[in-house]
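Accompanying notes for the structure given below.
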Amino acid sequence: MESSAPLAAHLPLLLLPLLLLAAPAAARDPEMYLNMLEEDRAQRHNAYCLDGTLPGFYYGPAATESKNTSWIVHLEGGGYCRNVTECLDRTNEDSGSSKNWPYLWDMAGGMSTDLSVNPAFADFHHIFIPYCDGFFYAGDRPGSLKTQGKELFFRGRPILKAVLDQIDDIGLAKADEIVLTGCSAGSLAAYLHGDYIGSRYPNAKYGVAPVSGFFPELPSVTGSMDVWDTIEKAATELFQIDLSGGGCMDATNDSVYCVIPNNSYAYMNSPIFAINSAIDLYALENIWDGDTDCTDSLVRDCSPEAIADINGWGTRFWDSITNSGDTFYKTGNGAFIHSCYEHCNAAEQDESFTNLAINGVTMSAAVQKWWDSDFKDSADGNTYMPCYLVDTPPHYCNPTCKYVDPTSELKTLLNRNETL
């Protein structure tokens with residue numbers, strides 16, 4: 001994010017959504033404006049970013065009066081912190097502090113305001129919730145933790161509640177239709193909290209469309225389960241997570257079990273359209289952890305053995321998502337599972353969102369078809385399947401993968417050195 005002025009400079013923007021709601025713009029602004037959480041609301045919920053700064057959200061108004069009760073809510077991603085040291089490091093970044101958040105946020109791909117790019121949701125009110133709690137909007141540790149002269153707050157779930165309460169005040173509470181989405185850790189959060197958020201709006205048409213957040217609970221190429229062990233440890237010992245209100249918790253009352261995407265997905269009650277690569281860049285870099293020469297080439301110059309291994313991962317991914325309870329097959333659900341090596345980019349870039357296709361159906365068109373079905377179609381009618389990579393470089397079995405550029409996401413992941 002670009003740097004911004006001190007927090008006080010954001011305060012006039014708090015009034016902006018109220019003015020914009022009164023008269024939706026005819027020509028759509030492709031940017032959203034920052035709104036900080038009101039201080040009294042933050043105090044009531046003890047809802048603060050890791051470093052104690054205020055959380056907030058970005059807001060862009062509906063384009064037409066006919067969509068004035070239609071909303072899309074996006075949860076930002078960005079890894080997680082496994083221990084106090086890593087969480088302390090995040091306080092120096094936008095992922096743990098709001099002190100340098102910019103005034104404006106651009107929208108693209110599945111959040112685009114261009115109808116030619118995003119026909120399903122372009123005209124909706126747009127909400128983007130920045131990620132500053134360090135653990136999937138799930139932490140509920142009381143008070144704060146003092147370390148190295150600083151206070152750390154692990155308050156993701158109270159942040160989510162308080163921010164949604166404030167958005168309710170500007171119109172979300174009266175919504176007729178709401179779609180929840182997110183990328184990476186934000187997408188994983190959509191699996192974890194999707195039912196809870198939906199339960200807040202029982203009279204609205206509500207669906208969840210998570211992007212690049214189904215991280216299957218599978219071992220690495222060496223058989224290690226370290227990623228999942230660290231998540232479970234952080235969930236209980238550091239963040240003391242709250243996942244109440246979800247189908248998984250209703251069924252099991254086990255937050256450690258439910259923090260795993262396979263399990264939260266298996267019990268989801270809300271209509272869901274999962275968007276993911278079967279060979280997700282993030283998952284291959286951090287969970288599978290296989291042939292680095294192959295992944296360093298962005299899976300464009302790999303040995304036959306490496307391709308066989310990656311195809312094996314893709315098969316296990318497919319088995320995992322299709323065998324997580326009966327969610328995959330429920331009427332009203334769907335999935336767009338492609339075979340491009342990327343993470344979030346396909347749904348966050350206009351070109352890939354409108355061109356990446358499976359059997360001639362683009363990601364954008366698939367999302368629109370699912371949404372327009374009002375969740376009455378069989379899952380089969382809204383399911384798009386991956387293919388197997390080929391031995392010959394550049395290996396892609398889907399020619400529309402050429403529209404997806406994973407380099408920016410890979411650079412971000414390497415710079416952050418994140419796990420999941």
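Observations
- Across the options A346, F328, F317, the greatest Cα extent toward the positive end of the charge dipole of the range 302-356 (unit charges at beta carbon of Lys, Arg, Asp, Glu) belongs to F328.
- Think of each Lys and Arg Cβ as +1 and each Asp and Glu Cβ as -1; about the Cα centre, that makes the dipole of the range 17-165 roughly 500 debye.
- Between the entries (1) 1.03; (2) 0.93; (3) 1.26, the label attached to Cα Rg over 2.2 N^0.38 Å calculated for this structure is (2).
- Amide H partners (placed H, <5 Å) of E76, local residues excluded: I129, Y131
- Each Lys or Arg adds one and each Asp or Glu subtracts one; over the other residues with Cβ under 14 Å from the Cβ of E351, this totals -4.
- Applying 0.36 nm per residue to the separation of Y388 and S144 and subtracting their alpha-carbon distance, the gain on full extension is 83.0 nm.
- Positive-pole candidate from F121, V163, G139, dipole of the chain, charges at beta carbon: V163
- Shown in residue order for the range 208-213 are the 3J(HN,Hα) couplings computed by the Karplus curve 6.51 cos²θ - 1.76 cosθ + 1.60 at θ = phi - 60°: 10, 10, x, 10, 6, x Hz (x for Gly and Pro).
- Partners for K330 among aspartates and glutamates (Cα-Cα distance below 15 Å; same-chain residues under 8 apart left out): D374, D377, D380
- Per residue of the chain, the DSSP helices (runs of n ≥ 4 H) give a summed -39500 (n - 2.57) that works out to -8500 deg cm²/dmol at 222 nm.
- Distances between placed amide hydrogens fall under 5 Å for E217 paired with N262, all partners being 5 or more residues away or on another chain.
- Computed from point charges on the beta carbon alone (+1 for Lys and Arg, -1 for Asp and Glu), the dipole magnitude for the chain about its Cα centre is near 880 Debye.
- HN-Hα J in Hz across the range 279-288 - Karplus 6.51, -1.76, 1.60, θ = phi - 60°, x for Gly and Pro: 10, 3, 4, 4, 5, 5, 6, 10, 9, 5
- Positive-end residue of N263, G247, Y282, charge dipole of the range 215-305 with Cβ unit charges: G247
- Rounded percent of accessible protein surface that carbon and sulfur make up, the range 31-143, 1.4 Å probe: 47
- Rounded to the nearest 20, the size of the Cβ-charge dipole of the range 271-371 about its Cα centre is 680 debye, with Lys and Arg at +1 and Asp and Glu at -1.
- Amide hydrogen neighbours beyond the local backbone of V208, cut-off 5 Å, H modeled: L180, I272, F273
- Here the accessible area is traced with a 1.4 Å probe on the protein chains. For the range 263-391, carbon and sulfur cover 44 percent of it.
- Peptides 368-376, 89-97, 180-188 ordered by packing proxy, namely the average of other Cβ atoms within 10 Å per residue, highest first: 180-188, 89-97, 368-376.
- Phi-based couplings in Hz for the range 108-121 (Karplus 6.51, -1.76, 1.60; Gly and Pro marked x): 8, x, x, 10, 5, 9, 9, 4, 6, 9, 10, x, 6, 10
- The share of accessible area on the range 184-258 that comes from carbon and sulfur is 47 percent, using a 1.4 angstrom probe.
- Å² of accessible area per residue within the chain, as computed with a 1.4 Å probe and no ligands counted: 38
The values are calculated or read from the model by the stated rules, or taken from the named source; none is laboratory data. Note that the structure is a prediction, hence the values are computed from the model and not measured. Backbone-built Cβ (ideal geometry, glycine too); neighbour counts: all protein chains shown. To get the accessible areas, we keep the full protein, side chains included, count just its heavy atoms, and leave off ligands, DNA and RNA. Shrake-Rupley method; radii C 1.70, N 1.55, O 1.52, S 1.80 Å.
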